[in-house]
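Data block below; observations after.
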């Protein structure tokens, strides 16, 4: 029997990318609002950017810290906007690597 965990990122996956550059818990009302903030750090960002890993990899530990802090804040506030469970997947994969 298999067990599945959902990996959500509210309001969108780009919130995880944004956390590589800044800590924020402001409520986003659309994915475009997150992307707009992300483009302050990656002006040429587009959803089909095949080199995003190369851009973000050096900042992974910052993203992990920011995501864990943001998720804790969201839980205390009783909301999921913003939050990301991508950090759980990343931590799981990093632990497999060890």
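Bear in mind that the values in this text are calculations on the coordinates, not laboratory data. Given the structure is predicted, the values throughout are model-derived calculations rather than measurements. In this analysis, Cβ positions are derived from the backbone assuming ideal geometry, glycine residues included, and neighbour counts consider all displayed protein chains.
Here are the numbers:
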read-out	value
Packing-based exposure ordering (other Cβ within 10 Å, fewest first) of 54, 37	54, 37
Percentage relative contact order, the chain, counting C-alpha pairs under 8 Å, at least six apart	43 percent
Which of 45, 92, 15 has the fewest Cβ neighbours within 10 Å, and the rest in rising order	92, 45, 15
Shape of the chain, Cα gyration tensor, a/c cut at 1.5	oblate
Ranked list, fewest to most other Cβ atoms within 10 Å of each Cβ, for 79, 24	79, 24
